[in-house]
Amino acid sequence: MANELHLSQLHTGKIAWQSWRRSHPETSIDLRGVDLASLDLCGFDLQATDLSQIDAMNLDLRDANLERANLRGANLIGADLRGANLRHADLTGAQLHRANLSEVIAHFAHCNQMIANAAIAYRADFSRAQFYNADLTGANLCQARFNGAYIGDLNGTDVRAIGTDFRWTRGHSISFYRADLTDANFHYADLARLNLTYARLSGIDPDDLDRLGNFYSPDPF
């Protein structure tokens, strides 16, 4: 259950909240399961905050500091996270349908079982993040970075990943069915059971296509 004192402090506004956090650097912030949908948390310091199971539909979290935050099972449908710091954040099972993740920094983030249908992640940086059993159907990943990320059992049907950087990614059982991968970079990627059926592949290094080379055409999931 969320800490009522922490919740009341959050409602005092950004300046007061930031000041309170600076004066309580050792306090573990607990906002589990609360309804934050009516707030504007743009630029708030929520580092290492427990935000699991929150209702944050359409919430403004632009430029927020969510480093090491616990967002497991959070409802972030339609939320605006542009420019947010999500380094080492735990987004396991989070709902991010139609959310805007453009230019987030999410190094080492846990995005397992995340559902981000039709999300926008333009120029987002997911370097060394984990995506296991995530659903990114129809997401915009153009110019995003997945350098060194682990991607397994991922549904990327109909994603737009033009110019996206997949260098050094590892993983298996990834569906890019009907995806637009124009100019994507797969240098040094180690991806098994990659479904590129009907995907747009122009501009990809032919050597990378030959090396990955394990395309298959099952029924799309």
Margin query: Restricting to Cα pairs below 8 Å that are 6+ residues apart, what does the relative contact order work out to for segment 1-94? Please round to a whole percent.
Written below: 22
Next item on the list: Can you tell me the 0 to 90 degree angle between the C-alpha axis of helix 14-23 and the longest principal axis of the chain, rounded to 10?
Entry: 80
Next item on the list: Could you calculate the FRET efficiency of TYR150 with HIS187 from 1/(1 + (r/R0)^6), where r is the beta carbon distance between them and R0 is 25 Å, rounded to 0.05?
Entry: 0.90
Next item on the list: Provide the net charge surrounding LEU191, with neighbours chosen by a C-beta distance below 15 Å and charges set as Lys +1, Arg +1, Asp -1, Glu -1.
Entry: -3
Next item on the list: Return the tail of the calculated pair distribution for segment 94-221, meaning the percent of Cα-Cα pairs more than 20 Å apart.
Entry: 31
Next item on the list: Provide, for q = 0.10, 0.14, 0.17, 0.21 Å⁻¹, the log10 of I(q)/I(0) from a solvent-free Debye sum over equal Cα point scatterers in segment 1-144.
Entry: -0.29, -0.57, -0.84, -1.29
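Among residues other than ALA134 whose Cβ falls under 14 Å from its Cβ, what is the net charge (Lys/Arg +1, Asp/Glu -1)?
Values: positive: ARG72; negative: ASP90, ASP135, ASP153.
It works out to a net charge of -2.
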Notebook entry, point to check: How many percent of the accessible area of segment 87-143 is carbon or sulfur, using a 1.4 Å probe?
Noted result: 44
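Quote the convex hull volume per residue of segment 1-79, based on C-alpha atoms, as a whole number of Å³. Show your work: numbers first, answer last.
Numbers: hull volume 6.1 nm³, N = 79.
Convex hull of Cα atoms, per residue: 78 Å³.
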Checklist line | Unit charges at the beta carbon, dipole of segment 6-161: most positive-side option, GLY138, LEU7, ASN85 | finding: ASN85
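Rounding to the nearest 20 debye, state how big the charge dipole of the chain is about its Cα centre with +1 on each Lys and Arg Cβ and -1 on each Asp and Glu Cβ. Can you show the working numbers first?
Numbers: 20 positive and 27 negative charges, 35 e Å.
The dipole of the chain has a size of about 160 debye.
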Checklist line | Formal net charge of residues neighbouring ALA48 (Cβ-Cβ distance under 12 Å; K, R +1; D, E -1) | finding: -3
Note to self: 7 Å from Cα along Cα→Cβ at both SER23 and LEU5: what's the point-to-point distance in nm?
What the structure shows: 1.3
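The values are calculated or read from the model by the stated rules, or taken from the named source; none is laboratory data. Source: prediction; values computed, not measured. As a convention, Cβ positions derive from the backbone with ideal geometry for all residues, glycine included, and neighbour counts pool all protein chains shown. SASA here: full protein model, heavy atoms, side chains in, ligands and nucleic acids out. Shrake-Rupley method; radii C 1.70, N 1.55, O 1.52, S 1.80 Å.
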